[in-house]
Each structure stands twice: as C-alpha cells, then as structure tokens.
1. I want to make sure I understand the PRE zone here: with the label point 7 angstrom from the Cα of residue 8 toward its beta carbon, which residues in the range 42-65 have backbone N atoms less than 17 Å away?
2. So for 47, 23, fewest C-beta neighbours within 10 Å to most, what's the order?
3. Starting with the highest mean, order 8-14, 60-66 by the number of other Cβ atoms within 10 Å, averaged over the residues of each peptide.
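Only the coordinates and a few stated rules stand behind these numbers; no lab work does. Please read all numbers here as calculations on a predicted model, not as lab measurements. Every residue, glycine as well, gets a Cβ built from its backbone with ideal geometry; the counts of neighbours run over all protein chains shown.
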C-alpha cells in the first residue's frame, strides 16, 4: 500500500520497478508527486532482480525487450 519511503508496488509490474530503481528515483527519501533523480543505489543485476521479484507478486507491465528500446529507430524503414 505504499509508505513514507515510496509508492505502492501493487500492480506496477517489472517495468515500473526497473524504471524507478534503474534511474535512481527509488529508494525515495520521502514520498511525493515527483521522485527526485539521484545516483543509483543498485547495479543493473540487482535492479533486474528487484523487478523480477515484484513481477512475481502480481500482474503488471514487463520490462520491454531490447529491440523495443532503439530510440534512434535505425531499424525502421521510412
């Protein structure tokens, strides 16, 4: 249900955890509308493990596969 150190993880899925933890937004010093970006507290492997654990607890979006993360769209014919 969330608490003073962060939002609820109910139904958020692995994608949310990967984003929040992987960008340094979690763990939070205090809960608020916009989490402050700070240095990461966990490495990539730990972030993936946290995301997998949360995903095992219930439904929610999965972390996108690498093929969907190409922001340059180099593989798209226009």
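1. 54-55, 57-61
2. In order of increasing Cβ crowding within 10 Å: 23, 47.
3. Ranked from most to least packed, the peptides come out as 8-14, 60-66.
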